[in-house]
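J.: Attaching a single structure in structure tokens format; questions to follow.
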Amino acid sequence: MIGPKNSHYDVVIVGSGIAGALVAKRLGLTGKRVLILEAGASVPPNFNDYMKRFYSAAAKVPEVPYTPEIFAAGGEFFDPAVVNAGRPTVLTLSRFQNTWMDPKKTYCIPDPKGAFPFASTYDRVAGGTSNHWLGTCLRNVPNDFQMRTVYQSKSGDWPPGLVDWPINYEGLNKWYGDAEHEIGVSADVKEQEYLGITFPPGYKYPMPGIPSSKVDQLLDRTFRAKNTEVRMEDDDHPLSVKQTPAARNSQPNGNRRACAGNTNCIPICPIQAKYDPTITLNEAGDTGHVDIWYRTVASEIVVGENGRIAAIKYIQYREDQGPPTDTGSVTAKVFVIAANAIETPRLLLMSKTRNGTVANGSKMVGKNLMDHPYYVAWALLPESGEQVWPYRGPLITSGIEVCRDGQFRSNRAAFRIDIGNEGWNFPAGDPYATTVDFINNLNINGPNNLGTGRKAEALFGDALVKRLNSVLTRQFRLGFLVEQTPDDSNCVTLAKERDGLGLPRPQIRYDLSAYTKRGFVAAKRTADKIFNTLNAKQYTYLIKDNPCTFDAPDGSGPMNFFGAGHIVGTCRMGHTKGDSVVDSELRSWEHPNLYIAGSSVFPTVATANPTLTIAALCLRLAERIRRDLA
Amino acid sequence: MIDSVSITDAPDPRTATMLELSVSDGPNAREILENTMKVTRRAALSRAIAIVGSSAAGSLLRPESARAADDPAAKARMQNFLGVSEILTGISQIRLSPQRDPIDIKTTYLTLVTNRRPVVFERLLQKYGESRAISPDPKMIGAKLLDPSEPKVCYLARSIMLMWYLGVWYEPEDLQLAESTGSSPNFSVISPAAYTQAWVWRVAQAHPMGYSEWHFGYWHEDPPFKLENAILPEGTP
Amino acid sequence: MRKIWLVAVSILGAACCAILPISSAQSPPSGTTPPVKDLRTEVSAINPHEPHCNLTKQTLDVTSAQLTSGLPCTPTLIAPFDDIVNLQFGFDFYSWLTFIALNTPADGQNVIGRGPGAGGDSITKWEQYKQLPDVMLLPKGKPPAPQFEALPGSAPSDVAQHCGKRIEAGSLVIHLEAEDTYNQPFKSGPLIDQNGYNAYFVILMNEPMFRYILNNNLYSIKGQEAFKRRNEVDFGKFDREADEPKHAVDPNAPGIVNFPNGSADDDSPKHAESHTIGSIMIKASWKQLGPSDDPSKFHTNRAIIYTPGSADGTRPATCVAKTLGMVGFHIGHKTNGAHQWVWSTFEHVNNVPAQHDVDEHKISGQTRFNFYNPECNPSNCPANKTPPRPWDPATQPFPGGFRSQITRVIPITPSVANLNSAFRAILTNTVWENYMLVSTQWPSLQVCAQKAIPSTLPDPTCAPAPTYLANTTLETYSQGNVPLASSSCIACHGNATTHHKPATPSDFTFILEKAH
């Protein structure tokens, strides 16, 4: 809905992702006049277009159902220079033809001083990136908030960026509960009390936990039976399987269906059993006090008197690659930037003040970009053994959480483990790739080696059916979300390349620290150990043209990492204005009516998937703003 | 737009569904393929896409099903196509082509193959007839169709198998090139309906990712159907 | 007395009526639920023998005899049975017979279109069915009144207290506190007519369906949990996993929701006793009739629009009578040959134009539609878009002058159009000539559809034909042909579950998830 120019609101929010949507809804419910500026397209009346794009796509990557389109009709990438509200795609993460560095293909420009491209992507559309999220809703463990206090003293080589948060677990406990009820999380409290996570007495999640999958059950039985064998080398905790709390209906809830196991959470749940922020956007709209202007790109934050933000300028467009259709500015009492941890610093850096850029007295805007670099290992259970029937159920129903905390954090990054229910789909393109192997007489994936001399065979008919069934029903994979350290040289700046509206695109300098890489090594060893315990044969291979490759510090060879989709850290919160962008209430040190919402404010990436913490912080922020405006 | 190989078709009055498929066979297809990223074995990162642009040449393709009922030659042709498909895929004809078939993916596939490789497909059907005359043993017939000494037929046969299994189209020449270089061939999705009718998922006793017709909690149990229930005639629905 | 027609043996399997769950001796939790009965002796009470199943075979040669041939217990199909076009015609014919039988006057006069109202209108048989809120939305999960007939003032609900005297026999009650009376499924959107008023939606069930819910205590969450506890499938916890594979679920096991079937196979005496109507659920959409609407062109109902009072008592409940005109009509009928149910849908003939007619500029500016303005420019009135927010039925007409601009995306087939002409011809000069069939969706895999729970097959929806089906007044915003995203009765209803923990399949109805 396009409103009149130069309108005045109580609150203007940039970004309609989960952060902006939650803040808007809460404030709308109290009668405050709220405007959301969203760079991308509006909430569609149904999923027809999204699902059609998904079904028709050859590469079903997380961003594929959503607009703007990534490919032209002929199959080549659209040049991001002509796209008005472009966004990155994992499909450019390839060394082939130097695609990852080619500004005609890649929206975010990799800084040549960095070692790698940033591996995670986001969406610019109603509901933002959590349209394509998995749905995992974990709380951080208490030590995540106080890494320096707990672990620095025993460390020989403490990463300087690994700081304490200015808030702790207890400060967020009630907000976590609020977020779990607001979004609709399925879990059982009994399963979630570990590593210091506690709940208020009598607390219940809104829906019971999602049932486990056959893969989960196998790992769980095995760990219980063999718990002395399955331990990490530097940690005494035996591994155990835990239900993953998820914003996924385990019952009819919110007038949406219960999960039907479409195994498609990323990139989209066809029946919206998985929560996505368009639900909150719709609820915000129904308060009658929230307007949303789509295809409206915030282009500059304007500072007025006394350091207060006076207005936000915007550019509007109608066609994804068409000309701008309008410009204007909006004023408000309070401004919230909720545009993800790459677009938020981009906007701040585009907005000049007398002696620098907006909210950047600390010079930390854009710095400390983090992800959970993701290590993936995959294996096949023995043919004589049981089948686990992957490609069924939600993508992930359980994980291994015990490895998220322990004394080893003095030395190396912690991680948590996803147990994948989708076989080798994520790392190895199955079931397509293995099917092609067996039909086309190749063995790129590994299992087609029962021909003479362990060579490939070209199968057909009954033999093909049986072999495919045997292989596909025994596949599984593990994913390790490694805690990346904050590093102020990992940063978002403005590139010289522009987008379709003439605004400078993000430039990203990115690397992994030694602490993080040591976490990767531990992850690999843990994967190897788990596979051995199951008598599973590992088929993990290196993807050679993946630019996200580094040499393992233990000399064991090159390793790939993937992005977990967790974009974090570029406007960190802190204790003082010299070392942070916002205070513990997410307010800018420089501008009393400017707040930042979303994972940009995380001082560390911690060990949980970030969305629940984002939601908790946003509900707390909404309450803060409400008091501000009272 | 990420496009698919498709066939423009009038709404099928028999089933009141729109088989929405648009043909793509532009003259620049080869060139475009070469200009796109090579498909490599990848995780979520560096996969290339073979996208074939669409053209409006819907009239090239005539839905065969509307004529099959009346036209014995068309019916026989479909029968032969199903016979070939059964032998190659290992999935019974009655599963590939149920007695009542609202989605009718077999017609989509037959039309596609006939239009993309009319000459080689004729040769394949001929070879099928000849082999069957010698022996009805499916293993022997299959081996003959997949005999690499006649590569055009062999790789078209593989394209047909992959069409049934994955709902996507691989050009036979791409399969041949990929085999000789040990790489991954390009492909394009035929249609959303084809994706949902792909057989590999049923062979895995699962469902296409993004298309489950099952109910909450099913994944907690073993699959309720055995492999044989999915691919053999016994207990045909 | 109606004749019993001789028919060829239906292909739809043996005349095996549904075996209802057998209760255990376990008693339900104390307090709100009555004791569970042993249902073996109560089969006939829930789904009684029907001596007069309509067994008329499909034909385009429709005569006024069809106006009184009665309610089909199942579709009667004729050869060839592997010809999907022929079978579709059979189901569409069955849909029309069902429509006529259900819309027959409820009281006395037996012929549709010869009622006391304008155009022979009358309260219909289905308007005497049980409305969903009277079964599932009673406060604190109270049991519904056991009488099936909706006697004014006797229903144990707040509505009776506040509005009792104003509810005429056959009046529908629009419960505005229940969002699905004005917002389409999954909150996909309200439908705003050309006068700016909301369309209203009501759900009802016939007596066998009602009795099944009542007798099995499925009207409340507690009752559903007690029902489920008798189910052998237990999602359990990690440490109690059995190592051997679970069995396929037994549809006759206690705790599996399995609504009673219609059946009418062989006409011979030994099978006739097993003829039953089975479960029928109805969803109807209504337009508020305004000054420019001609009531003689609609089936009307003098409905009560009920808004409950505020919780703190400051705002009293209101009951406002309004004349509504029917614009859409869904029938779901469970039969022993279609355990995934048969889904028929009808619309008022003037609802919307077909999208392809709009594209080809075939719609004259003079035509009046209920939900489309032919004179509005497509750039000002893009088709099939939801209204702007907020969606608040308390404010009508819709603020800002918004009107829904709706088109039919999937065209009506020529076969159905011919059948519509034939049936509308025998309904001439009645309100009922203003209605038409859109299509009928049915599970096409025969053996699959005869199984209560086709656990051994990959496709438990049994290949619905046609693959997609939408009513432009009830699934307005999800028309299309994209798998799972676009409206398909069976595919969507296949996801329906109960409201207990954990959720289990509820036999293709969303009615059970409404329980408190």
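Readers should treat all values here as calculations from the given coordinates under stated rules, not as data from a laboratory. Computed from a prediction, not measured in an experiment: that's the story for all the values here. Glycine gets a Cβ as well: all are built from the backbone with ideal geometry, and neighbour counts include every protein chain shown.
J.: For the residues C:Cys448, B:Cys154, A:Cys259, what sequence is obtained by ranking on other C-beta atoms within 10 Å, fewest first?
T.: If I rank by nearby Cβ atoms, fewest first, I get B:Cys154, C:Cys448, A:Cys259.
J.: Here is a follow-up. Taking the Cα centre of the range A:430-492 as the origin, how large is its charge dipole in debye, to the nearest 20, when only Lys and Arg (+1) and Asp and Glu (-1) carry charge on their Cβ atoms?
T.: About 520 debye.
J.: Longest exposed-loop-site-free stretch of chain A, with GluC sites (Glu not before Pro), DSSP loop and at most 11 other Cβ within 10 Å?
T.: Working: sites that count: A:Glu193, A:Glu233, A:Glu319.
Longest stretch, sites excluded: A:320-630.
J.: Oh, and also: So, with +1 on the Cβ of K and R and -1 on the Cβ of D and E, and no other charges, what is the size of the charge dipole of the protein assembly as shown about its Cα centre, to the nearest 20 debye?
T.: It works out to roughly 1600 debye.
J.: Please work out the C-alpha center-to-center distance from the range A:93-112 to the range C:47-67 and express it in whole Å.
T.: 69 Å
J.: Where does each of C:Lys130, A:Lys466, B:Lys127, B:Lys106 land when they are ranked from fewest to most other beta-carbon atoms within 10 angstrom?
T.: Result, fewest neighbours first: A:Lys466, B:Lys127, B:Lys106, C:Lys130.
J.: Could I ask something else about it? By its C-alpha gyration tensor, with a ≥ b ≥ c as the square roots of the eigenvalues, how is the range C:369-516 shaped: rounded for a/c under 1.5, else prolate for a/b larger than b/c, else oblate?
T.: Taking the square roots of the gyration eigenvalues as a ≥ b ≥ c, the range C:369-516 is oblate.
J.: Here is a follow-up. Within a 10 angstrom radius of each residue's Cβ in C:504-511, how many Cβ atoms of other chains show up on average? Whole number is fine.
T.: So the per-residue partner count for this stretch is 2.
J.: For the range B:67-229, what class follows from the C-alpha gyration tensor (a ≥ b ≥ c being the square roots of its eigenvalues): rounded when a/c is under 1.5, otherwise prolate if a/b is larger than b/c, else oblate? Display every interim value, and only then the final one.
T.: On the way: a/c = 1.67, a/b = 1.35, b/c = 1.24.
The shape class here is prolate.
J.: Counting only other chains, what is the mean number of Cβ atoms within 10 angstrom of the Cβ of each residue in peptide B:186-196?
T.: 4
J.: Let me ask you something else. Taking Cα centroids, how far is the range A:47-71 from the range B:135-210 in Å?
T.: What the calculation gives is 24 Å, centre to centre.
J.: Then there's this: Which one of B:Gln126, A:Asn421, C:Thr467 is farthest out on the positive end of the charge dipole of the protein assembly as shown, using unit charges on Cβ (Lys, Arg +1; Asp, Glu -1) and the Cα centre as origin?
T.: Farthest towards the positive end: A:Asn421.
J.: Can I ask one more? Could you work out the mean projected area of the convex hull around the alpha carbons of the protein assembly as shown, in square nanometres to one decimal?
T.: Over all viewing directions, the protein assembly as shown projects a mean Cα-hull area of 50.1 nm².
J.: Among A:Lys190, A:Lys25, A:Lys333, rank each residue by its count of other Cβ atoms within 10 Å, from fewest to most, as a rough exposure measure.
T.: Going from sparsest to densest Cβ surroundings: A:Lys190, A:Lys333, A:Lys25.
J.: Here is a further query. Can you list the residues, at least 5 places off or on another chain, whose amide H is less than 5 Å from the amide H of A:Gln146, using H built in the peptide plane?
T.: For A:Gln146, the qualifying residues are A:Trp165.
J.: Another question, then. Contact order normalised by length for chain A, with contacts defined as Cα pairs under 8 Å and 6 or more residues apart; what percent is it?
T.: Over chain A, the number comes to 23 percent.
J.: I would also like to ask the following. Nearest 5 is fine: what % of DSSP beta bridges in chain A come out antiparallel, could you say?
T.: So the antiparallel bridges in chain A amount to around 75 percent.
J.: So, one more: How many angstrom lie between the Cα centre of the range A:596-613 and the Cα centre of the range A:542-588?
T.: If you average the Cα positions of each part, the centres end up 12 Å apart.
J.: Looking only at other chains, what is the average number of their beta-carbon atoms within 10 angstrom of each beta-carbon in A:62-73?
T.: Per-residue shielding by partner chains comes out at 3.
J.: A further question follows. Give the aspartates and glutamates whose C-alpha is closer than 12 Å to that of A:Lys52, dropping any in the same chain fewer than 8 places away, or say none.
T.: Here the aspartates and glutamates satisfying the reach criterion relative to A:Lys52 are B:Asp3, B:Glu20.
J.: Can you give the calculated 222 nm mean residue ellipticity of chain A, where each DSSP H run of n ≥ 4 adds -39,500 (n - 2.57) and the sum is split over every residue, rounded to the nearest 500 deg cm²/dmol?
T.: -6500 deg cm²/dmol
J.: Beta carbons within 10 angstrom, averaged per residue: use that to sort the peptides A:202-210, A:52-60, highest first.
T.: Descending packing order for the listed peptides: A:52-60, A:202-210.
J.: Using a ≥ b ≥ c from the Cα gyration tensor of chain A (square roots of the eigenvalues), is it rounded, prolate or oblate, where a/c under 1.5 gives rounded and otherwise the larger of a/b and b/c decides, a/b for prolate?
T.: Taking the square roots of the gyration eigenvalues as a ≥ b ≥ c, chain A is prolate.
J.: What ³J(HN,Hα) values, in whole Hz, does the Karplus curve 6.51 cos²θ - 1.76 cosθ + 1.60 give for the range C:423-438 when θ = phi - 60°, with x put for Gly and Pro?
T.: 6, 5, 5, 7, 10, 4, 6, 10, 4, 6, 5, 8, 10, 9, 7, 8
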